[in-house]
Every structure is written in C-alpha cells, then in structure tokens.
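The structure appears below as structure tokens.
Just so you know, all these numbers are worked out from the coordinates, no wet-lab data involved. Quantities reported herein were computed from a predicted structural model and do not represent experimental measurements. Virtual Cβ from ideal backbone geometry, glycine too; neighbours counted across all protein chains shown.
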Amino acid sequence: MTLAKDKTANMRKVLDRYTYRMTWSDEDKQCVGLCAEFPSLSWLAATPEKALRGIRKVIAEVVADMQANGEPVLEPISRRRYSGRFMVRVPPEVHRKLALEAAEENVSLNRVISAKLSS
C-alpha cells in the first residue's frame, strides 16, 4: 500500500468512528447532518442521505486541516473511556427528595439516581 493510500485508509477509520446524526430543521425545511464531536458544524440537504454525506465531507476537510496544521485531531466519543462516575450538584431540596425516595424504596441513593438517569 502506498503512503497516500495508507493515509486515506487511516483518515477513513477516524471519520467512520465519529458520531453522526441527521435531524429535520423546520426553520430551514431541510435535513441537517450533525457530528457530536464537532457540535459547531452542520450540513443542510434535501435528504438524510445527502445530509450525512455532506457532514462527513465537512468533517473530513476539518480533520485534514487539523492534521495539516499539526493540531491534535479530536478522539471519537466511541473510542473514549468512561469511568462510570460523575458528580452532579443539585439544590438541597432535590437531594432531600431523592434521599427520601431511596429510603422509601429501601435502596441506595445512587440506585435511585442511576435508574432516573437511565430512563
């Protein structure tokens, strides 16, 4: 494989691992292609397929530009590691309500909050 083909294959692997989404824009009356890792970028198109192709092209150009300028390329969310722990601050009355709910259900506060976040 040549160096150019190798670079293209590596670029495709990176691009394929990003998180893409299509939605409808009532304001624009078109489909919108989005990428979670690059929330400021979007692509408008008449169909979801064209929106996906468009946003992928934009992301490819941005990643190529980042690489050309020696900037670190964003790691895809799918490749990131998460501990499963995060801290959230809530008002004291919400904390009290959740603690009461946990006590009434005879489960941990963590279990109540995890169930609420999962639903």
ASP6-TYR82 FRET efficiency (beta carbon distance; Förster radius 30 Å; 0.05 resolution): 0.45
Backbone HN-Hα couplings from phi across the stretch 88-103 [Karplus 6.51/-1.76/1.60, Hz, Gly and Pro as x]: 10, 9, 10, x, x, 5, 5, 4, 4, 4, 5, 5, 4, 4, 4, 5
Degrees separating the helix 109-118 axis from the principal Cα axis of the chain, which is the longest one: 40 degrees
For GLN30, residues with placed amide H under 5 Å, excluding near neighbours: SER25
Read-out Rg and Dmax of the Cα atoms in Å, derived from the coordinates shown; its label in (1) 21.1, 66; (2) 13.6, 48; (3) 14.0, 44: (1)
Listed residues VAL88, VAL63, VAL32, most fluctuating in the chain (Gaussian network, C-alpha, under 10 Å): VAL88
Relative contact order (percent, whole number), the stretch 43-119, Cα cutoff 8 Å, 6+ residue spacing: 12 percent
Listed residues PRO39, PRO48, PRO92, most fluctuating in the chain (Gaussian network, C-alpha, under 10 Å): PRO92
Under Karplus coefficients 6.51, -1.76 and 1.60, residue-wise ³J(HN,Hα) of the stretch 38-54 in Hz, glycine/proline x: 10, x, 8, 10, 7, 9, 9, 7, 6, 10, x, 4, 5, 5, 5, 4, x
Estimated vicinal HN-Hα couplings, Hz - the stretch 73-79 in sequence order (Karplus 6.51, -1.76, 1.60; Gly, Pro = x): 7, 4, 6, x, 4, 5, 9
Separation of alpha-carbon centers, the stretch 28-50 and the stretch 52-119, rounded to whole Å: 22 Å
